[in-house]
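S.K.: Pasting in a structure now, in structure tokens, and then I'll have a few things to ask.
The values are calculated or read from the model by the stated rules, or taken from the named source; none is laboratory data. Keep in mind that this is a model prediction, so the values were computed, not measured. FYI the Cβ positions are ideal-geometry reconstructions off the backbone, even for glycines, and counts take in every protein chain you see. When the accessible area is computed, the model is the full protein with side chains, heavy atoms only, and any ligands, DNA or RNA have been set aside. Shrake-Rupley method; radii C 1.70, N 1.55, O 1.52, S 1.80 Å.
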Amino acid sequence: MEQRHHSIRELLSSSQLPLWLKLLCSVWVALLLPTYWQSTPLGLLWSCNVALLVTCAGLWLESSLLVSIAALGIVWWQLLWVLDFLIHLGTGISTLGMSNYMFDQKFSRFSLGLSLYHGWLPFVLLWALSRLRYDHRALLLQTLVAWAVFLLSAIVTTDLTGPAGNLNMIYGLSETMPQTWMAPRLWLVLVMVLWPASVYVPCHFIFRRVFA
């Protein structure tokens, strides 16, 4: 028994990430999953929710690859979300519109509270990268994950008035009106090309330099 306790202590001491952080992420996911499932399971396809699930697995496994994949996927977008939320909270002015739903009375306080993970997740991912280092394989893998999510989003939704809304912007940049610049399939292809090229590639080189 004493030897077993000693082994557990050794395991905890050799861990690169704290147990409380892994538990926090797990509790958040455990609360979020049934909430989304009850309202609309399609909401789990939002790239931020996919990244949260990947992050939770990456923290427990202490996998630099999984953490790197999640970081490429959402750190940039969620830092913008934090900026937009703080400006809206402090001034009442909507700038980017990314966090407008946080001030919408039609959503329950519980669901809005769950959505606050957008505020801490990018910082957790950056800190985890500083401990685990960045895995350069994440660029290809996150691009494949994003393509799969975009295609699945297009398959399971019919229009932006559905329960999941404009899921991953596959209907355009507006939350209320579909884009009319080009054919819907061409827009989807454009998103699948520009999203990795404009976000993942720059972040990949930044992370490689900072968290080598």
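S.K.: Could you do me a favour and compute the accessible area per residue for the chain, 1.4 Å probe, result in Å²? Can you show the working numbers first?
M.R.: Details: 12200 Å² over 212 residues.
In whole numbers, the chain has 58 Å² accessible per residue.
S.K.: Using a 10 angstrom cutoff on alpha carbons, build the Gaussian network for the chain and name the most mobile of Leu139, Leu86, Leu32.
M.R.: Leu86
S.K.: Normalise the Cα radius of gyration of the chain by 2.2 N^0.38 Å (N = residues in it) and let me know the number.
M.R.: On the way: Rg = 18.6 Å, N = 212, 2.2 N^0.38 = 16.8 Å.
Relative to the rule-of-thumb radius for its length, the chain sits at 1.10.
S.K.: Same structure, new question: On a full-extension model of 0.36 nm per residue, what is the gain between Ser130 and Leu80, subtracting their alpha-carbon distance, rounded to one decimal in nm?
M.R.: On the way: separation 50, 0.36 × 50 = 18.00 nm, distance 2.07 nm.
15.9 nm is the gain from fully extending Ser130 to Leu80.
S.K.: Still on this structure: If r is the Cβ-Cβ distance from Arg209 to Ser94 and R0 is 41 Å, what FRET efficiency results, to the nearest 0.05? Working shown, then result.
M.R.: Working: r = 34 Å, r/R0 = 0.82.
For R0 = 41 Å, the calculated efficiency reads 0.75.
S.K.: Taking just the alpha-carbon atoms of segment 19-73, what radius of gyration and Dmax come out, in angstrom?
M.R.: Here Rg and the maximum Cα pair distance are 11.4, 33 Å.
S.K.: What number, in percent, do you get for the relative contact order of the chain if the mean sequence gap of Cα pairs under 8 Å and at least 6 apart is divided by its residue count? Mind dumping the intermediate values first?
M.R.: Values: 204 pairs, mean separation 47.3, N = 212.
Relative contact order of the chain: 22 percent.
S.K.: Using the alpha-carbon centroid of each, what span in Å lies between segment 96-144 and segment 21-84?
M.R.: Centre-to-centre (Cα) distance: 6 Å.
S.K.: For segment 24-138, just say rounded, prolate or oblate: build the C-alpha gyration tensor, square-root its eigenvalues into a ≥ b ≥ c, call rounded for a/c under 1.5, and beyond that prolate if a/b exceeds b/c, oblate if not. List each step's numbers first, then the result.
M.R.: Values: a/c = 2.28, a/b = 1.40, b/c = 1.63.
Oblate shape, in that a/c is at least 1.5 and b/c is the bigger or equal ratio.
S.K.: Quick one: Kirkwood hydrodynamic radius for segment 93-211, alpha-carbon pairs, angstrom, one decimal? Write down the numbers at each step before the final one.
M.R.: Numbers: mean 1/r = 0.0600 Å⁻¹.
The answer is 16.7 Å.
S.K.: Then there is this: If you plug each phi of segment 37-54 into the Karplus form 6.51 cos²θ - 1.76 cosθ + 1.60 with θ = phi - 60°, what whole-Hz ³J(HN,Hα) values come out, in order, with x for Gly and Pro?
M.R.: 5, 6, 7, 6, x, 4, x, 5, 7, 4, 4, 5, 6, 4, 5, 4, 5, 5
S.K.: Where does the chain land at 222 nm, in deg cm²/dmol rounded to the nearest 500, when only DSSP H runs of n ≥ 4 count, each adding -39500 (n - 2.57), divided by all residues? Can you show the working numbers first?
M.R.: Values: 9 runs with 140 residues, N = 212.
Helices in the chain give a 222 nm mean residue ellipticity of -22000 deg cm²/dmol.
S.K.: A further question on this structure: What number comes out for the charge environment of Phe211, summing +1 per Lys or Arg and -1 per Asp or Glu over other residues with Cβ under 13 Å away? Could the numbers behind the result be given before it?
M.R.: Numbers: positive: Arg131, Arg133, Arg208, Arg209; negative: Asp135.
For residues surrounding Phe211, the net value is +3.
S.K.: Continuing with the same structure: Taking 7 Å along the Cα-to-C-beta vector as the label spot, tell me the Gln38-Leu53 distance in nanometres, rounded to one decimal.
M.R.: Result: 1.9 nm between the two label points.
S.K.: Also, I was wondering about something else. Using a probe of 1.4 angstrom, how much of the accessible area of segment 1-156 is carbon and sulfur, in percent?
M.R.: On the way: 6010 of 8680 Å².
Using a 1.4 Å probe with all protein chains present, segment 1-156 comes out at 69 percent carbon and sulfur.
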